[in-house]
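*Asks:* Here it is, the structure in full.
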Amino acid sequence: MSEFVGPLVGVVEHSTNYVRFSVFVSQSGQMITYYQLEVNKILPREGWIEQDPVQIYETVLQCIEVVTYKLSQLDIGLEQIKCVGITNERESTVVWDKVTGQPFYNCIVWLDNRTNDLVEKIIDDLPGRDINWLKNKTGLPISTYFSAPKLRWLIDNKPTIAQAIKEERLLFGTIDTWLLWKLTGQHMTDVTNASRTLLMDIETCEWDPYLLDFFQIPASILPHIKSSSDFFGTLNVTDLKGLPVTGVISDQSAALVGQKCFGVGETKVTCGTGCHIIQNIECQKQGQAKGGD
């Protein structure tokens, strides 16, 4: 008989540099075990940073496989894992074929700056070159950092992607959405990831028609937006097949929760690949003071 330590929660984590799968005790937050693997960066040109979406997914599967083995070595049964969550780097952009499940292009990573010229042209066409033109709706400046310019660049520069939209075969998502699609078959995202695309109205938490028209992005390719704590589908692969995915949240928002910043004004600072400062402002609508984060 296996040792009872649960109920347990599994977490898929994708960062700029690695993929990790961890298992925690749900009530205490104690980590039982984890496994992580590096994810390669592809640098086709100066300032361009890509990752292979297939490698990201396959690395997730490898991490889950190793962790399930480690649990068996600890005499902990998989039936003690009750649900799975996903957390991920934000803004990174993936487009794929909903018929074949294969990506049309590498994931364009959040750090990538290939959209500099596109963003400058957009800003040039705005009154007073106002980079905050969309901030009232999005809380964000117009920047290469976010997903919408990356998606627009793909449509403008890759004919196969534009054609796939015409044929109603293309789907878009940030990394959470890509992994959800591969793991569950669902095309969804959460509000924390959607809020970093420049396409979501932060008041309604829905894709905004004005923003979609501004970037000329068809609504049909976008995932359904849900709360971070919700039902996102059921795993249909690995030894964890049948488990519900009950949480999706971007990495920086997850860190805010992980540091227990539950009170208004409580703030966390993360210094990693980037430097990110996030504060709990409860329901107050405020824009960013400067920059992308």
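*Asks:* Using only C-alpha positions, report the orientation-averaged shadow area of the convex hull of the range 1-145, nm², one decimal.
*Replies:* 12.1
*Asks:* How do the peptides 37-44, 110-117, 82-89, 233-240 rank, highest first, by the average count of neighbouring beta carbon atoms within 10 Å per residue?
*Replies:* Highest-to-lowest ranking by the protection proxy: 82-89, 110-117, 233-240, 37-44.
*Asks:* Given (1) 69, 46, 34; (2) 50, 41, 36; (3) 51, 42, 39, which label gives Cα extents along the principal axes in Å as computed from the coordinates?
*Replies:* Given (1) 69, 46, 34; (2) 50, 41, 36; (3) 51, 42, 39, the structure-derived one carries the label (1).
*Asks:* Related question: Sorting check: for 147-155, 63-71, which peptide has the highest mean count of neighbouring beta carbons within 10 Å, and how do the rest follow?
*Replies:* Highest-to-lowest ranking by the protection proxy: 147-155, 63-71.
*Asks:* Quick one: of the DSSP bridges fully inside the chain, what percent are antiparallel, nearest 5?
*Replies:* 70
*Asks:* Output the pairs from K135/K226; K70/K241; K98/K166; K41/K158 with a Cα-Cα distance over 19 Å in this structure; if there are none, say none.
*Replies:* Over 19 Å apart, Cα to Cα: K135/K226; K41/K158.
*Asks:* According to the square roots a ≥ b ≥ c of the eigenvalues of the Cα gyration tensor, what is the shape class of the range 83-178, taking rounded for a/c under 1.5, prolate for a/b larger than b/c otherwise, and oblate for the remainder?
*Replies:* It comes out oblate by the Cα gyration axes.
*Asks:* Another question, if that's okay. Pick from D125, D52, D190: which is most flexible by mean-square fluctuation in a GNM of the chain where alpha carbon atoms under 10 Å apart are linked?
*Replies:* D125
*Asks:* Now for a separate question. Taking the highest mean first, how do the peptides 10-16, 192-198 order by number of other beta carbon atoms within 10 angstrom per residue?
*Replies:* Most protected by this proxy first, the peptides run 192-198, 10-16.
*Asks:* Shifting gears a bit: Going through the DSSP H helices of the chain, which span 30 Å or more along their own axis at the Cα atoms while scoring at least -1.0 as a mean Kyte-Doolittle hydropathy?
*Replies:* 53-73
*Asks:* Using the number of other C-beta atoms within 10 angstrom as an exposure proxy, rank S250, S229 with the fewest first.
*Replies:* By the 10 Å Cβ count, ascending, the order reads S229, S250.
*Asks:* While we're here: Bin by bin, in steps of 10 Å, what percent of the Cα pairs in the range 1-71 do you find, going until the bin that has the longest distance?
*Replies:* 19, 41, 24, 12, 3, 1
*Asks:* Rounded, prolate or oblate: which fits the range 86-243 when a ≥ b ≥ c are the square roots of the eigenvalues of the alpha-carbon gyration tensor, with rounded for a/c under 1.5 and prolate only if a/b beats b/c?
*Replies:* Prolate, since a/c reaches 1.5 and a/b exceeds b/c.
*Asks:* Determine the principal axes of the Cα atoms in the range 42-116, then give the extent along each, sorted from largest to smallest and rounded to whole angstroms.
*Replies:* So the extents along the principal axes, rounded to whole Å, are 52, 29, 18.
*Asks:* Quick check: from the Cα gyration tensor, does the range 101-152 come out rounded (a/c under 1.5), prolate or oblate?
*Replies:* It is prolate, given that a/c is not under 1.5 and a/b is the larger ratio.
*Asks:* For the chain, with the dipole built from +1 on Lys and Arg beta-carbon atoms and -1 on Asp and Glu ones, taken about the Cα centre, which of I175, V39, W133 lies farthest toward the positive end?
*Replies:* Looking along the dipole axis, the top candidate is W133.
Computed from the coordinates by the stated procedures, all read-outs in this text should not be read as laboratory data. Computed from a prediction, not measured in an experiment: that's the story for all the values here. All Cβ positions, glycine included, derive from the backbone under ideal geometry; neighbour counts span all protein chains shown.
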